[in-house]
């Protein structure tokens, strides 16, 4: 096998820590276009025939139809002359027209390729595969950038996740509206590409006898240096191609002073597309932020460049030193100073940076297509004491630098980025997966992975990280306390997600080993009930927490908390912890009462945002007031009517005081909470929410399926008012948090609801004819097998077909006044035994 990105021989050592790869086969393009410029039109079906790239026909555009993930590969049958191929990857079409495609991903390593452009040097025929995973893309281009020619007879991705057609998944639904069908299918795609098996995200570093071999990627930082200050970093470096990158005074995230030293770019070992403007030869490039390249919400200041008065040879060892001094950073090469970088201005306040330009850890990682060896790292304090040393020749350093191979099967926030285990996102993910792919191993793996990092002491004791890195290990959990401090309501969403996992699976055996940790997290969060207001505020140790869904002492955070307690109470009871179960239920009831007393605002016509902002209200407040059972019929109806004041373009803005701008990020995540709340209000309270539901389905989620150039087949992270991706090319177009219709429609429109854990008992309450649907059919995966339901409106009759698996007891709940031909109903209910039934309902 040829490992791509190599012009030089590099010995490869097998990683003994790696878990076996799970083989999902290969993925090939759906269509192809070979012409001088990329285009999203005119592509022809790909018949898996050979194609030739030559100076007269150097470019091919490839469309995979929907989001795919894996290791890019080519099978080369013939080559002539020098062959270098520049390949781009992008979720949306527009990316492949940009210099950096839709990347790079500078926020986290993600055990994948940071860059969305990579260059392959092809020197022999046969199978060629990239070293890096590409986490998610629909579009790809391959451009010959040299004067040779190459014939490729097979190409695509060695899949790192399942790639089944969504209608073949265990859970599926079909309505009489094609747009709604495509919206439902978004979850089936995202549940596949955004979940990864243990073993399918290998380390992005290779450990060799010559040190850590690091191909160009977002820098990885040592977990042992987060509190270091005023030090000198020294290391040996050998540039195998292009340059070397490192950081000092950095956060554990790749944010802090970043240096890239470039080589002389020898002709025989330099790619033809090397960006000499961004990275001139024999130069030290410097930036204070995430990277040398801007990326949407992660902007960087102008780069600084320092010409090196010596030739930087490739395949030659150098000793690099970088000292933090009062006035700036002094860089040395083999004992000779090569540059002095004046101290940058203080970093802007935020959640990720270090307290000062003198403090923070160190890390390593270069730019696109660079390959570098690093070894013999020494960090010396200002007083001369060695505070750190590492040869970087042991596999142990992978976990320290958070690039160890993935050892759990988990679901991520997004396929291409951030590729972190965001626990707040898990609330949506557990429900999307449970009603589509039914890969419950991913869900339990995610629960275990997050709980492995639970803090033992300190003000955040009991908390789990809100965004655990894929390549980390629990022994380094305290290196990133900031990962516990932000978005405290993510702890509640995670707990609610665990409750839903139990609701869908009944997997008591799987959760029992973690009950003490789950209970500890719940106990830690109970300390946030404000003794004065009775709402969810701060704790004695954390008096002013920040939440994602709304302010402290607010409707959204309190409603979510009450909801969460109700979701985990059945698990506590099943475990045998009756005291905890009773406490959770009673506390939830008190919170609902307090929420109505303190924040219902008759004058406003809905719930106030918080005790300190009674004149504003939010989408999330309305959603969680309804979902938690706090709002009565009158309150729900009034609140839903109030949504009209939040309606903005294709969706709803989050807070009433938000300014309406062209770049406003409409949020499918909180809109998903609202989406279920609207259905719940209609089904359980009889409130007319049709207009709001159709607005979201037709417009917010419709935006994800109606424009081919943006379409990924998966749900999005954010949406702009004009229906385009909400953070431009940075937007994740495969984000499970945006797929709420995939779990809401089966539970409400189709009507299949587990009334006991694991679907042992089920209530089927079809919303017949709702949304002007004439027929709806679907299957819902359960531990006992699929429950199949279909209903078709035929004049004044409705034909209902059901198939109930063995081990499940079902009750059909029909609307008031309905009758079933040949059956006696009791309070509108009909008991169904296992097997297949066809019923005629008269309405």
Legend entry - Yes/no for residue 749 being surrounded by 24 or more Cβ atoms within 10 Å (Cβ to Cβ), under 25 Å from residue 440 (Cβ atoms) and in contact with a strand residue (DSSP E or B) (Cβ under 8 Å, 6 or more places away or on another chain): yes
Inset, instruction - Tell me, yes or no, whether the stretch 186-201 has at least one residue that is farther than 25 Å from residue 254 by Cβ, outside any strand (DSSP E or B) and free of Cβ contacts under 8 Å to residues at least 60 places away in the same chain. - result: no
Legend entry - In the stretch 656-671, the residues that are buried (at least 18 other Cβ atoms within 10 Å of the Cβ) and farther than 18 Å from residue 717 by Cβ: 656
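Taking the stated definitions as given, is residue 172 touching a residue at least 40 places away in the same chain (Cβ under 8 Å) and under 19 Å from residue 61 (Cα atoms)?
Taking the combined requirement at face value, the residue does not satisfy it.
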Legend entry - strands (runs of 3 or more DSSP E) within the stretch 23-137 that include 3 or more residues crowded, with 20+ Cβ neighbours inside 10 Å: 59-80, 83-90, 117-122
Inset, instruction - Return yes or no: is residue 487 closer than 17 Å to residue 194 by Cβ and either part of a strand (DSSP E or B) or more than 15 Å from the chain's Cα centre (by Cα) (or both)? - result: no
Inset, instruction - Would you be able to say whether some residue in the stretch 397-418 is touching a helix residue (DSSP H, G or I) at 6+ places or on another chain (Cβ under 6 Å), buried (at least 24 other Cβ atoms within 10 Å of the Cβ), part of a strand (DSSP E or B) and touching a residue at least 24 places away in the same chain (Cβ under 8 Å)? - result: yes
Inset, instruction - Could you list all residues from the stretch 619-641 that are assigned to a helix (DSSP H, G or I) and surrounded by fewer than 24 Cβ atoms within 10 Å (Cβ to Cβ)? - result: 627, 633, 634, 635, 637, 638, 641
Legend entry - Residue within the stretch 764-777 that is buried (at least 24 other Cβ atoms within 10 Å of the Cβ) and in contact with a helix residue (DSSP H, G or I) (Cβ under 6 Å, 6 or more places away or on another chain) present: yes
Inset, instruction - Determine the pairs where a residue that is under 20 Å from residue 379 (Cβ atoms) and not assigned by TED's automatic domain parsing to the domain that holds residue 285, located within the stretch 319-344, has a partner that is surrounded by 11 or more Cβ atoms within 10 Å (Cβ to Cβ) and modelled with pLDDT of 95 or more with Cβ atoms under 7 Å apart, the partner being 6 or more residues away or on another chain. - result: none
Inset, instruction - Restrict the check to the stretch 533-547 and report whether at least one residue is over 30 Å from residue 638 (Cβ atoms), under 29 Å from the mean Cα position of the chain (by Cα) and in a helix (DSSP H, G or I). - result: no
Inset, instruction - Please find, among 333, 392, the residue that is on the phi > 0 side of the Ramachandran plot and buried (at least 18 other Cβ atoms within 10 Å of the Cβ). - result: 392
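Quick check on this structure: which one of 132, 115, 73 is under 30 Å from residue 472 (Cβ atoms), touching a strand residue (DSSP E or B) at 6+ places or on another chain (Cβ under 6 Å) and either assigned by TED's automatic domain parsing to the domain that holds residue 148 or in contact (Cβ under 8 Å) with a residue 24 or more places away in the chain (or both)?
73
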Legend entry - Condition check for residue 713: surrounded by fewer than 18 Cβ atoms within 10 Å (Cβ to Cβ), modelled with pLDDT of 95 or more and in a loop (DSSP other than H, G, I, E, B): no
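The values are calculated or read from the model by the stated rules, or taken from the named source; none is laboratory data. From a predicted model like this one, the values you see are computed outputs, not experimental measurements. Cβ sites come from the backbone with ideal geometry, for glycine too, and all protein chains shown count toward neighbours.
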